[in-house]
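Each remark here refers to the structure printed beneath this line.
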Amino acid sequence: MRRNQISKSDEGFSLIEVIVALFIVGMVAAAVLVFFMRGSSTASHLQRTQNSASVATQAMEKVRSVYPRASSPGGTTPLVIGRTKAAVNAAFSTVAALDPDLVAETNQLWDPIATGGGTVTLPISHEVRVSDMKYDVTTLIGSCYRAKSASASDTTCVRVNPGAAYTLVYRAIVAVAWDPGMAKCGGDGCFYTMTSLIDPTSDAVWNVSTAPVANDDSIDSVAGGPSLPVEILKNDVIVSTRSNPTTITSPPSKGTATVITSGTNMGAITYTPPANYSGIVTFRYKLRDAQGRNSNEATVTVLVYPAAVDDTGARVGAGSSASIDVLANDLGTDLRPEIIEQSPRGHATVNPDGTIQFAADPSAPVGNTTFKYRVVTTVELDDGTMDLWSDNPAQVPGRTGTVTVRIGTAVAANDAEFIVDGQGSTTSNVTLDVQNAAGGSASNKVVILSGPTRVDATGTGATTLTGSGTTTIRFKPAGNTVGVYTFTFQLETAAGDRSETQTGTILVVPVAKNYTYTTTVKGATTANVSPLTGNIPNAANSRVTYAVASAPTCTRTSGSGNPTVGVTLSNATNGTFAFRTTSIQSNWRGSCTFTYTVTYTGGGQTWTSAPATVTLNNVRGS
C-alpha cells in the first residue's frame, strides 16, 4: 500500500512560533499607543496653555479699560474700587504661594471704604471656561516706583520709593490657574501669569479708558403694575465710577422714569408704568464717565401690556343671556376682549361694543360659574401692527380675567313703556311701575343698568332715575321739556336671580292747559288767540304743533240772536288761533269757547295731548 508523503513546507508555524510572534506585535502596538497618548497629551497641554494666555490677555484688557487716575489727589484709583483689604490680602497670598517673586516688589492696594457689598470695578477672582477646562483668574492691583528719567536699559519698578527721581505707577498682575490632570505641572497644577505697569499721570494718554457707549434697551411692564428696574448699564460700556453716570434726556410720555442715584443699582433706571395705558413707551438717556465724557443717547423701549381684572356680580337665569361690561375695570388703552376659556354651564361671545354676552344653558343648575378672557391692545408699528395680550408669557406678571356669573331661576321680563306728563319749571318725581309694565312681579327689585338717555334730540335740562335695586323707581323730568328717553333694566328676585336686560321707554308728553282770553271781541272781527301760557312746553319748537280740536260754541247772556263764529289755526308751530265773528247782533253779549290739542313728534313717537278749552269771556256785537 502506498502512502502520500507530506512536504515540510506545508507544515506552517509551530505553537511556540505563533506565541512569540504575537508577543512581538503586542510590544510594538503598546509602544505605538504610548507614543500616541504622550503626543496627544502634549498637544492638549499646549492648547490649554495657549488658552490660558488668551484668558490672561482678556483679563488684562479689562484692567487697561479702566481710567486709572483718582478723581482727587490722594484719592483711590478706580482700579481698586470695591476691593476690601481682606480680599486683597488673601489674593496676594494665593499668588505668592505660586510664585513669590511675582508679588515681591508690589505694594497691595485696596479701597479703604469698601465693605464687600458694593460695586467692584475689577473682580479680584472669577472663572472662565474654555473647551470644557475651568481657568481660575486672579487679578491683582498694586503699586511700585519707577525712575522718572528715560533709560536705554530696563529699569526695575521697586516696592520702596528710592527717592525724588522715582514716580509711583500701578502694577497689574493677572494669574490664570488650571488643573489639567496627569501631573503635567506638578502637584499645584498649571498657572500662567501676565504683568503690566500702568502710569496714572494725566499725560499718559495711552492709558485713557474707552469713552462711554450707551446701547438701546427694552423691557416689559403692565398697565397699573409695579415699578420695574431697568438695568441699562449691563449692555453699556462705561468705566465704574463712584457717582451716578446716568441722565434721562427725554422722559417717557406715559408713566415715569427715575434714575437710581446711589446704592448697588446706582445708574439704573426705575420705570413706573401708567395706571390705565397700554402700548409702546420710549424714553432716552445718556452716560457721563469720571472724566466728564458723554456717551451717545440710547433709547429704552417699554412694552406696556394691558391687564384684565376679574369681574363679579353678573347674574343670569337658566336659558337666558346677559351682557357683561368686562372692560369697565380693566387697565389699558383701546382694549378688546377675547374668550380663552368657556364656562361648562353656558357660552360667552364678544359683542361688537366690547361687552361679553353670556348665555346660560337651559339645563344649567342654580349656582356660580366662571369663564376666562384676556384683553388685547393693538399698536401701530412702522412696518405693520403688533398685538399686546394681557396673558403674554413675556409679561410680568401675565393677567387673565375671570368672570363669575351666578345662574339662577329664569326671571320673565319684557320691554316697558311709560307715559309721563311734562312739568313746568318746578318738577317732581313720578313713580314708574316698572314691574307691572315689564310683566314681572310686584315683589321684584328693579336694577337700573343705564340711562335715562334722550333719544329724540339733544337733551334739555337734567332727568334722573332713582331707586335702582329697590321695588320703587322714580323718574324726574326736566322742566318745561317734552321728549323720549330710554333706560335699560333687569328685574331681580329675592333670591338674587335676574331677568335678561330690557329697555324702558319714557315719553314725556305735552300738556295743553285751559286758557281764558280776556280781551273784548267786538263786532264782526278776528281775534288772534295764543294760549301758550301754562302749556308744557310753554314755548313752541319744531317738534310741537297745535290743532283745533272742536269748533267754537257761544253762550248768550243778553241781546238777541246767535252770532256766526269760527276758529282756524293761523300758525301751527307757535300756537296762534284766529277766532272770527262774521255776523253778530249789535246788542248781543256773551262768551264763546273752543278746544285745541298739542302734538309732539320725535324719537319714532307721536303723542297728542288731551283737548284743552279756550274761553273768550267778552264777546259783544257793539
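The values are calculated or read from the model by the stated rules, or taken from the named source; none is laboratory data. Just so you know, these numbers come straight off a predicted model, no measurement behind them. Counting neighbours? That spans all protein chains shown, and the Cβs are built from the backbone with ideal geometry, glycine included.
General remarks:
- Residue in region 44-60 that is in a helix (DSSP H, G or I), over 14 Å from ALA175 (Cα atoms) and of a type in the set (A, V, I, L, M) present: yes
For every residue, the table says whether it meets (1) in contact (Cβ under 8 Å) with a residue 60 or more places away in the chain; (2) among the hydroxyl-bearing types (Ser, Thr, Tyr); (3) within 19 Å of ASN276 (Cα to Cα); (4) touching a Pro at 6+ places or on another chain (Cβ under 7 Å).
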position: LEU335; (1), (2), (3), (4): no, no, yes, yes
position: GLN342; (1), (2), (3), (4): no, no, no, no
position: ARG345; (1), (2), (3), (4): yes, no, no, no
position: PHE358; (1), (2), (3), (4): no, no, no, no
position: GLY367; (1), (2), (3), (4): no, no, no, no
position: ASP387; (1), (2), (3), (4): no, no, yes, no
position: THR400; (1), (2), (3), (4): yes, yes, yes, no
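- One residue alone among GLY384, GLY401, GLY451, GLY439 is surrounded by 14 or more Cβ atoms within 10 Å (Cβ to Cβ) and within 30 Å of VAL222 (Cα to Cα), and that residue is GLY401.
- Considering region 7-21, the residues that are of a type in the set (A, V, I, L, M) and surrounded by 10 or more Cβ atoms within 10 Å (Cβ to Cβ) include one that is modelled with the lowest pLDDT, namely VAL18.
- Looking only at residues of region 534-587 that are within 30 Å of GLY603 (Cα to Cα) and hydroxyl-bearing (Ser, Thr, Tyr), we find that the one that is surrounded by the most Cβ atoms within 10 Å (Cβ to Cβ) is TYR546.
- Selection status of ASP188, of a type in the set (D, E, K, R), at pLDDT below 90, in contact with a helix residue (DSSP H, G or I) (Cβ under 8 Å, 6 or more places away or on another chain) and farther than 30 Å from THR299 by Cα: yes
- Flag if GLY566 is assigned by the TED database to the domain that holds PHE594 and outside any strand (DSSP E or B): no
- Counting only strands (runs of 3 or more DSSP E) that sit wholly inside region 409-518, those with at least 2 residues that are over 27 Å from PRO611 (Cβ atoms) are 445-454, 464-466, 473-476, 483-492, 502-509.
- Residues being modelled with pLDDT of 95 or more and not in a loop (DSSP other than H, G, I, E, B) - total across region 233-260: 9
- Selection from region 70-84 of residues that are of a type outside the set (A, V, I, L, M) and either touching an Asp or Glu at 6+ places or on another chain (Cβ under 8 Å) or surrounded by fewer than 20 Cβ atoms within 10 Å (Cβ to Cβ) (or both): SER71, SER72, PRO73, GLY74, GLY75, THR76, GLY82, ARG83, THR84
- Counted residues, region 128-148 - those being out of contact with any helix residue (DSSP H, G or I) (no Cβ under 8 Å at 6 or more places or on another chain) and within 15 Å of VAL158 (Cα to Cα): 6
- Filtered residue count, region 97-118, keeping only those that are within 22 Å of ILE81 (Cα to Cα), at pLDDT below 90 and not hydroxyl-bearing (Ser, Thr, Tyr): 5
- Residues of region 471-491 that turn out to be buried (at least 20 other Cβ atoms within 10 Å of the Cβ) and under 39 Å from the mean Cα position of the chain (by Cα), as a count: 5
- Test: PRO531 is buried (at least 21 other Cβ atoms within 10 Å of the Cβ) and either without any contact (Cβ under 8 Å) to a residue 12 or more places away in the chain or out of contact with any strand residue (DSSP E or B) (no Cβ under 6 Å at 6 or more places or on another chain) (or both): no
- Filter result (in contact with a Leu (Cβ under 8 Å, 6 or more places away or on another chain) and surrounded by fewer than 21 Cβ atoms within 10 Å (Cβ to Cβ)) within region 304-317: VAL309
- Any hit, region 85-103, residues being surrounded by 16 or more Cβ atoms within 10 Å (Cβ to Cβ), part of a loop (DSSP other than H, G, I, E, B) and of a type in the set (Phe, Trp, Tyr): no
- Filter result (crowded, with 20+ Cβ neighbours inside 10 Å and either in a loop (DSSP other than H, G, I, E, B) or free of Cβ contacts under 8 Å to residues at least 40 places away in the same chain (or both)) within region 124-136: ILE124
- Considering (1) surrounded by 15 or more Cβ atoms within 10 Å (Cβ to Cβ); (2) touching a strand residue (DSSP E or B) at 6+ places or on another chain (Cβ under 7 Å); (3) of a type outside the set (S, T, N, Q); (4) at pLDDT 75 or above, the lone condition that LEU168 does not fulfil carries the number (1).
- When we screen THR121, THR139 for residues that are modelled with pLDDT under 90, crowded, with 20+ Cβ neighbours inside 10 Å and assigned by the TED database to the domain that holds TYR67, the only hit is THR121.
Every residue, every condition in (1) modelled with pLDDT of 95 or more; (2) over 30 Å from ASN351 (Cα atoms); (3) buried (at least 22 other Cβ atoms within 10 Å of the Cβ), yes or no:
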| site | (1), (2), (3) |
| --- | --- |
| LEU287 | yes, yes, yes |
| ARG293 | no, yes, no |
| THR299 | yes, yes, no |
| GLY319 | no, no, no |
